[in-house]
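Each reported figure results from applying straightforward, stated rules to the coordinates on display, with no laboratory input. Worth saying up front: this structure is predicted, and the values here are computed from it rather than measured. Note: ideal-geometry Cβ built from the backbone for every residue, glycine included; neighbour counts use all protein chains shown.
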Amino acid sequence: MTDPKIDSILDEGNRLFLQGKLKEAIIYYDEILNENPLHLSSLNNKGYALSKLKDYENAMKCYDAALQIFPDDLSVLINKVSSFRKLGNFSKALSLCDEILKNNPNYNIALYHKERILFSMGKFDESILCCNSILNDYPNNGDVLFDKSCNLAMLSKIDEALDMLEYAISQGLQYKIKAKKSKSFEKLFDNSRFNSMVM
C-alpha cells in the first residue's frame, strides 16, 4: 500500500536529484526516513546521492540499512558495489559482484561493474571475458567495446585493441576523447593508426 504523501515527497526528492541538486534531494529523502526509517527507495536514493557527493561512508550506511530489510535488492547491491569500487576496495566489490551473479548469472549491470573492477585489479584477461559476455547480448555497447579495447591495449594486443577501439568510436565520437585521455593507450600515442583514429 503506497502513501500518496510519501510518494509526492519522494517524487520531489527525485526531481531535485535529477537536476543535480543532491543536498536538497537528501532533505526530502530524510523527511520520509524520519517517518519510515525502512523506506527502501529513500534509503537507496539517499545512498546514491551521498555517493555522488563522494560521501561513500554514509552512502554505505544507507545501503546496509536497506539490505537489512531487503537483502536481495539488486539496485541497492549494485550501488554498494559501485561505492566499494570508487573507494578502491576492489576485492569487496568483486566478491559482492560474484554473489549477485551467482543468483543472477545474466545480470549485465553486475557484469559491467565486474569487468571494470577486474581491469582496475590488472586482471585484463578476466575482464575481457566479462566484456565478451555483455557483448553477446549487446554487441554495439560502446562503453563495453571501449573497455575491451583498453584491456587489449594493456595486454599489448595492439591490432585487436585498435580494431575494438575503431568499433567503439563508430558507436559514439566521445570514445575518441576518452581514448586520448586514457592511460591504457599511452604507449600508442606515437602509433599512426591510433592517431588517425582519434584525430
- Using every pair of alpha-carbon atoms in the chain, split the distances into 5 Å bins beginning at 0 and state the percent of pairs per bin, rounded to integers. 1, 8, 14, 15, 15, 13, 13, 9, 6, 3, 2, 1, 0
- Note on the structure: With the dipole of the chain defined by +1 on each Lys or Arg Cβ and -1 on each Asp or Glu Cβ, the option from I109, G142, A179 whose Cα lies farthest towards the positive pole is A179
- Note on the structure: For segment 119-199, listing chymotrypsin sites (Phe, Trp or Tyr not before Pro) in a DSSP loop whose Cβ sees at most 11 other Cβ atoms within 10 Å gives F189
- Query: How much net charge surrounds L10 when only the other residues with a Cβ under 13 Å from the Cβ of L10 are counted, with Lys and Arg +1 and Asp and Glu -1?
  - Reply: -4
- Task: Find out how many positive minus negative residues lie around Y56, taking Lys and Arg as positive, Asp and Glu as negative, among other residues whose Cβ is under 11 Å from that of Y56.
- Result: +4
- So what's the net charge close to L67: Lys and Arg +1, Asp and Glu -1, counting the other residues with Cβ under 12 Å from its Cβ? -2
- Checked against a 31 Å limit on the C-alpha separation, the offending pairs among K52/K114; K23/K176; K102/K176; K102/K181 are K23/K176; K102/K176; K102/K181
- Sort largest first and round to whole Å: the equivalent ellipsoid semi-axes of segment 68-174, each the square root of five times a Cα gyration tensor eigenvalue. 26, 15, 11
- In whole angstrom, the spacing between the Cα centers of segment 150-199 and segment 17-47 equals 40 Å
- Query: Taking K180 as the anchor, which aspartates and glutamates have their alpha carbon closer than 12 Å to its alpha carbon, excluding any fewer than eight residues away along the same chain?
  - Reply: D190
